[in-house]
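Everything on this sheet refers to the single structure shown next.
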Amino acid sequence: MSQSGLEALLAIEQIKKLKYTYLRAVDTHDWDLLASTLTADCTARYDDGKYSFDNRDELISGLRGHMDSPSVLTMHNCHHPEIELESPTNAKGIWYLQDLVFNKEQNWMLFGTAIYTDHYRIEDGLWKICHTEYARIMEAVNAPIPATLTFTHNMFEPKP
């Protein structure tokens with residue numbers, strides 16, 4: 001394999017790790033970690049633009065406003081990455097998303113799937129997300145949360 005082939009594989013693996021870190025930061029409400037995955041001018045268009053943000057600060061603030069509560073539990077899984085290196089410093093990725101959201105305070109749960117389209121660029125030697133968006137394939141909401149569903153652990157609530 002040529003050195004450029006090795007460099008391309010390394011870049012793709014770095015982009016995969018970046019996306020996985022982004023998802024973990026969202027689910028654990030680690031807003032500083034999330035910020036570290038995004039360029040300052042990052043834009044986002046979630047759910048076909050229903051939730052739109054024009055820079056990193058707006059994006060972090062918007063997600064915090066929707067999710068930064070012990071009553072909101074989420075699981076975001078992305079898989080089947082299709083990453084295309086457009087240049088040594090720019091790339092595009094398509095990912096399949098499955099998400100599960102519980103809002104215990106508002107008493108609803110959501111299961112959905114979507115296709116993410118991301119754009120990445122090298123900034124200070126690291127790959128960062130400079131644009132992210134997803135379009136829903138399907139979404140199912142159940143309200144109220146079934147009484148038979150018991151939460152036996154919530155990392156955001158104090159332990160007894």
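Here, each number is a calculation from the coordinates, and none is a lab measurement. Because the structure is a prediction, the values reported are computed rather than measured. Positions of Cβ are generated from backbone atoms using ideal geometry, with glycine treated the same way; all protein chains shown enter the neighbour counts.
A few remarks follow.
- Residue within segment 44-51 that is more than 16 Å from Thr117 (Cα to Cα), out of contact with any strand residue (DSSP E or B) (no Cβ under 7 Å at 6 or more places or on another chain) and not polar (S, T, N, Q) present: no
- Hey, Ala8 more than 30 Å from Thr152 (Cα to Cα), assigned to a helix (DSSP H, G or I) and in contact with a strand residue (DSSP E or B) (Cβ under 9 Å, 6 or more places away or on another chain) or not: yes
- Selection status of Tyr116, surrounded by 14 or more Cβ atoms within 10 Å (Cβ to Cβ) and either over 30 Å from Leu6 (Cα atoms) or within 13 Å of the chain's Cα centre (by Cα) (or both): yes
- The number of residues in segment 131-160 that are among the aromatic types (Phe, Trp, Tyr) and under 30 Å from Ile15 (Cβ atoms) comes to 2.
- Condition met for Glu123 (touching a residue at least 60 places away in the same chain (Cβ under 8 Å) and surrounded by 16 or more Cβ atoms within 10 Å (Cβ to Cβ)): no
- Among the residues of segment 17-33, those identified as loosely packed, with under 15 Cβ neighbours inside 10 Å and not in a helix (DSSP H, G or I) are Thr28, Asp30.
- Checked against (1) closer than 18 Å to Trp127 by Cα; (2) loosely packed, with under 14 Cβ neighbours inside 10 Å, Gly49 passes all but condition (1).
- Looking only at segment 126-150, and only at residues there that are surrounded by 15 or more Cβ atoms within 10 Å (Cβ to Cβ) and of a type outside the set (A, V, I, L, M), the one that is nearest to Gln106 (Cα to Cα): Arg136
- Residue match in segment 63-81 (condition: more than 28 Å from Ile145 (Cβ to Cβ), touching a residue at least 12 places away in the same chain (Cβ under 8 Å) and charged (D, E, K, R)): no
- Yes/no for Ile122 being hydrophobic (A, V, I, L, M, F, W, C) and closer than 20 Å to Ala40 by Cα: yes
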